[in-house]
Amino acid sequence: MTGLSVSLTSRMQGFTLNARWESGCELTALLGFSGAGKSMTLRMIAGLLRPDSGRITCNDEVFFDSDRKIDKRPQERSLGYLFQNLALFPHMTVQENILSGGHGLSEDVRRQRADELINSFRLRGLEKRRPSEISGGQQQRAALARALLRRPRALLLDEPFSALDIPLRRDMCGLLKDIQREFRVPVVLVTHDCREALELADRMIVYINGAVEQCGSPQEILERPASGLVASLVGSPSSCMTVFCAGA
């Protein structure tokens, strides 16, 4: 299939994760309370954690298969990953940070793509500044540009906007929609913010206590929650639809 297919089981320090879902070339939000297993799933897709059992594929390429003893290293999975803390190198300039995402590319290709992304992400004029010398929104754009430099098979985002104020979050949400349209790759966004998921996602996957409780479009989940726990997470239809339509 085109997109991501995830089937994972993992037991870690008294917590059990059982996650099974598929996502096409769309923006998928993993929504759930803190500690539900969303970020753990993302790290397993990226190869930063190893599941006890299961299978992960992206565009029919097998990243992990416990039965077949396949477990590709993170650098072999060609994924873009944006951490919650961005993980920009403080001693590097904006340009150097973006270029650092080009492992395996030739120098000419790295620089050409970095220059294109600097233009696209409105970072022109900031290339020589360090992360501490630019704003939070500019840091976000630099980190996204670095994650996209290798033109990844999928983009994984772990609560990337949680530290931003509301105007910057709206700006970054618009940028993320543009990225999905331009690069046409699966985008998986981890969030515990229902409003963020409703505004951005084509598809929502709701995690409750380490398991997938419900999958569907934002409106389907909003209007027909599968359980009381899902309903408590997404809130009342009237209030959330107001937020959804207004983009507040």
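Can you list the helices (runs of 4 or more DSSP H) found entirely within the range 206-248 that contain at least 2 residues being out of contact with any Cys (no Cβ under 6 Å at 6 or more places or on another chain) and either modelled with pLDDT of 95 or more or among the charged types (D, E, K, R) (or both)? Spell out how you get there, then give the answer.
Values: elements: 218-223, 228-234, 237-246.
Result: 218-223.
With respect to the conditions (1) under 28 Å from E76 (Cα atoms); (2) surrounded by fewer than 20 Cβ atoms within 10 Å (Cβ to Cβ), L168 falls short on a single one, namely (1).
Listed here are the residues, each with its yes/no results for (1) buried (at least 19 other Cβ atoms within 10 Å of the Cβ); (2) in the same structural domain as L42 (by TED's automatic domain parsing); (3) modelled with pLDDT of 95 or more; (4) out of contact with any strand residue (DSSP E or B) (no Cβ under 8 Å at 6 or more places or on another chain).
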{"position": "S120", "(1), (2), (3), (4)": "no, no, no, yes"}
{"position": "G125", "(1), (2), (3), (4)": "no, no, yes, yes"}
{"position": "R130", "(1), (2), (3), (4)": "no, no, yes, yes"}
{"position": "S135", "(1), (2), (3), (4)": "no, no, no, yes"}
{"position": "Q138", "(1), (2), (3), (4)": "no, no, no, yes"}
{"position": "A142", "(1), (2), (3), (4)": "yes, no, no, yes"}
{"position": "A147", "(1), (2), (3), (4)": "yes, no, no, no"}
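Residue under question is R43, and the condition is that it be surrounded by fewer than 24 Cβ atoms within 10 Å (Cβ to Cβ) and part of a strand (DSSP E or B); does it hold? No; evaluated as a whole, the condition is false for this residue.
Within the range 57-75, residues that are within 21 Å of R151 (Cα to Cα) have Cβ atoms under 8 Å from residues that are loosely packed, with under 11 Cβ neighbours inside 10 Å and at pLDDT 95 or above in these pairs: V62/R68, counting only partners at least 6 apart in sequence or on another chain. Given the structure, is R203 closer than 28 Å to L48 by Cα, of a type in the set (K, R) and in the same structural domain as T9 (by TED's automatic domain parsing)? For R203, the condition - closer than 28 Å to L48 by Cα, of a type in the set (K, R) and in the same structural domain as T9 (by TED's automatic domain parsing) - is met. Inspect all residues belonging to the range 46-63 and state whether any of them is outside any loop (DSSP other than H, G, I, E, B), in contact with a Lys or Arg (Cβ under 8 Å, 6 or more places away or on another chain) and of a type in the set (F, W, Y). Scanning the range 46-63 turns up at least one residue that is outside any loop (DSSP other than H, G, I, E, B), in contact with a Lys or Arg (Cβ under 8 Å, 6 or more places away or on another chain) and of a type in the set (F, W, Y). Against the test of being farther than 15 Å from G80 by Cβ, within 23 Å of the chain's Cα centre (by Cα) and not hydrophobic (A, V, I, L, M, F, W, C), the options R141, R150, R129, R122 yield a single qualifying residue, R122.
Among the residues making up the range 1-27, those that are out of contact with any helix residue (DSSP H, G or I) (no Cβ under 7 Å at 6 or more places or on another chain) and within 11 Å of R55 (Cβ to Cβ) are S5, S7, T9, R20.
Please enumerate the residues belonging to the range 180-200 that are part of a helix (DSSP H, G or I) and under 13 Å from the mean Cα position of the chain (by Cα).
Q180, E196, A197, L200
Consider the range 105-118 and keep the residues that are of a type outside the set (V, I, T) and under 23 Å from N85 (Cβ atoms). The one that is surrounded by the most Cβ atoms within 10 Å (Cβ to Cβ) is A114.
Taking the range 77-97 as the region of interest, how many residues are touching a residue at least 24 places away in the same chain (Cβ under 8 Å) and either farther than 22 Å from A145 by Cα or not polar (S, T, N, Q) (or both)? Please lay out each step first, then the result.
Step one: of the range 77-97, the residues touching a residue at least 24 places away in the same chain (Cβ under 8 Å) are 77-84, 86-95, 97.
Next cut, either farther than 22 Å from A145 by Cα or not polar (S, T, N, Q) (or both) only: 77, 79-83, 86-92, 94.
Number of matching residues: 14.
The values are calculated or read from the model by the stated rules, or taken from the named source; none is laboratory data. All values reported here derive from a predicted model rather than from experimental measurement. In this analysis, Cβ positions are derived from the backbone assuming ideal geometry, glycine residues included, and neighbour counts consider all displayed protein chains.
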